[in-house]
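Some notes on the structure that comes next.
The values are calculated or read from the model by the stated rules, or taken from the named source; none is laboratory data. A quick note: this is a predicted structure, and the numbers were derived from the prediction, not measured. Here Cβ is always computed from backbone atoms with ideal geometry, including for glycine, and neighbour counts include all displayed protein chains. The protein model used for the area step is the full one, side chains on, heavy atoms only, and it has no ligands, DNA or RNA in it. Shrake-Rupley method; radii C 1.70, N 1.55, O 1.52, S 1.80 Å.
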Amino acid sequence: MTDLQITLFGAGGVFIVGVFSYNKWQEYKAKKSVERAFSTDHDDVLMREGEAPVADVQEPVLRQEPRFDAAPAAKAEPSFGAPPAAAVTDAPVHAEPSLGDAAAPVVSPAAAPAAAAAAAPVREEVSAASEQATSLVDPLIDCLLPLSLEAPVRGDKILPVLQTLRLVGNKPVHFIGLHVNGDWEPITHGGVYTKMQGGVQLASRSTALNELEYSELVTRLRGVADDIGAEPEVPDMMEVMAEARNLHRFVAGHDAQLGVNLHTNGAPWAISTLLVALEKQGFDVRPDGRFVMPDGDGSYLFSLSTNVTLAEETTPRLTLLLDVPCVAPARDGFGAMIACAKSLVGRLDATIVDDYNQALSDAALAEIAGQVQEFYQEMDAADIPAGSTRALRLFS
């Protein structure tokens with residue numbers, strides 16, 4: 001046989017193998033589609049006798065505000081079920097129908113107080129669910145990953161699968177669902193969902209989402225989607241990487257931590273004496289040995305370090321540290337930290353100094369306070385207010 005004949009035979013063999021493999025792949029896909037279509041593991045809760053079929057629950061009835069008078073209303077009541085403006089893409093916009101519609105119920109003036117009281121908890125519940133959903137999958141700081149469902153799914157069936165995809169590198173991954181009542185919410189055991197939205201955080205304090213992490217995410221996401229009967233929409237990697245780098249540049253440029261030091265005017269302080277003084281000042285001791293000043297809501301305003309190891313018995317210097325982007329301006333973290341430092345000056349016989357042991361005057365501290373306010377304005381302008389959920393996620 002000539003070389004040409006051998007080459008032709010080889011090419012023909014490769015072609016036959018390729019055709020056979022393609023046919024087997026098509027057969028596998030068809031088998032999976034049939035299994036999903038006729039699987040009894042779908043949301044049978046929607047198919048129980050006496051309940052609405054799946055087709056009925058996919059299009060929830062919009063709630064309408066009751067009128068408190070019998071006269072026709074010319075002005076529509078604002079919706080309380082709509083997500084915020086920055087809500088996840090593909091979320092339906094809840095525009096309340098006009099209160100003059102014939103279908104709108106009419107409530108007599110006598111029943112108005114009771115109706116208003118009953119509606120208030122619903123408003124709060126819907127608003128809280130929408131806000132929580134938006135904070136988990138945030139279009140500004142997350143790469144959005146829409147998932148189209150083949151059929152409505154129950155939260156208790158998909159949560160174990162979703163739990164397998166919580167982190168990619170050090171970037172958190174979250175999922176929310178469009179409930180059959182029309183609201184986006186965190187996926188819960190009792191919920192039934194017609195759509196889903198995933199999100200991976202684009203940047204953190206340390207790094208931006210990179211190509212390796214994104215490739216891992218896409219691979220694992222396809223596996224999750226296959227297990228729950230969904231089809232993911234995967235954004236272009238180059239666009240995602242550009243967004244991640246831009247966001248990380250902002251985070252790196254606003255990763256500000258302000259510290260002031262207390263230096264002893266005499267002998268170094270005994271650690272045992274310091275513990276008593278700091279507890280009286282209101283500090284809590286964390287398990288890792290840090291001292292923190294509680295903010296009253298489960299977090300803290302600023303921290304304090306003794307600048308020595310746990311084995312040391314004395315220290316001549318204390319450092320108070322404010323994590324600026326993580327404390328809301330309304331809490332005045334810098335002002336609270338300086339007030340605490342001045343109180344400790346009298347209690348411990350110390351001087352407030354900078355990192356070079358130069359005393360900090362009131363004028364210098366006031367100038368720093370002005371810079372902190374400018375910093376807060378920059379974060380507000382970027383729609384990442386200091387101390388907000390968005391900021392806490394980015395600067396964690």
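Worth pointing out:
- Residue in the stretch 337-357 that is under 26 Å from Arg390 (Cβ atoms), touching a strand residue (DSSP E or B) at 6+ places or on another chain (Cβ under 7 Å), aliphatic (A, V, I, L, M) and open to solvent by less than 30 Å² (accessible area, probe 1.4 Å) present: yes
- Candidates Ala339, Ala386, Ala363, filtered to the one that is more than 23 Å from Asn265 (Cα to Cα) and small (Gly, Ala, Ser): Ala386
- The residue of the stretch 277-291 that is farthest from Phe302 (Cα to Cα), among those that are open to solvent by 80 Å² or more (accessible area, probe 1.4 Å) and over 31 Å from the mean Cα position of the chain (by Cα), is Lys280.
- Close Cβ contacts (under 6 Å, 6 or more residues apart or on different chains) running from residues in the stretch 259-275 that are free of Cβ contacts under 8 Å to residues at least 60 places away in the same chain to residues that are outside any strand (DSSP E or B) comprise Pro268/Pro316; Ile271/Glu313.
- Looking across the stretch 309-332, the residues that are among the β-branched types (Val, Ile, Thr) and open to solvent by 50 Å² or more (accessible area, probe 1.4 Å) come down to Thr309, Thr314.
- Flag if Asn246 is on the phi < 0 side of the Ramachandran plot, out of contact with any Phe, Trp or Tyr (no Cβ under 9 Å at 6 or more places or on another chain) and in contact (Cβ under 8 Å) with a residue 12 or more places away in the chain: no
- Hits in the stretch 235-276 (condition: more than 26 Å from the chain's Cα centre (by Cα), at pLDDT 95 or above and β-branched (Val, Ile, Thr)): Val260, Thr264
- Of the strands (runs of 3 or more DSSP E) lying entirely inside the stretch 127-208, those carrying at least 3 residues that are surrounded by fewer than 19 Cβ atoms within 10 Å (Cβ to Cβ) are 142-154.
- Criterion: in contact with a Leu (Cβ under 6 Å, 6 or more places away or on another chain), of a type in the set (Gly, Ala, Ser) and either over 30 Å from Ser130 (Cβ atoms) or surrounded by fewer than 17 Cβ atoms within 10 Å (Cβ to Cβ) (or both) - qualifying residue of Ser303, Ser396: Ser303
- Looking only at the stretch 220-264, residues that are out of contact with any strand residue (DSSP E or B) (no Cβ under 7 Å at 6 or more places or on another chain) and farther than 18 Å from Leu144 by Cβ come to 10 in all.
- Per the conditions (1) more than 19 Å from Pro172 (Cα to Cα); (2) open to solvent by less than 10 Å² (accessible area, probe 1.4 Å), the sole criterion not satisfied by Ile228 is (2).
- Flag if Gln373 is open to solvent by 50 Å² or more (accessible area, probe 1.4 Å), in contact (Cβ under 8 Å) with a residue 24 or more places away in the chain, within 30 Å of Ser135 (Cβ to Cβ) and under 35 Å from the mean Cα position of the chain (by Cα): yes
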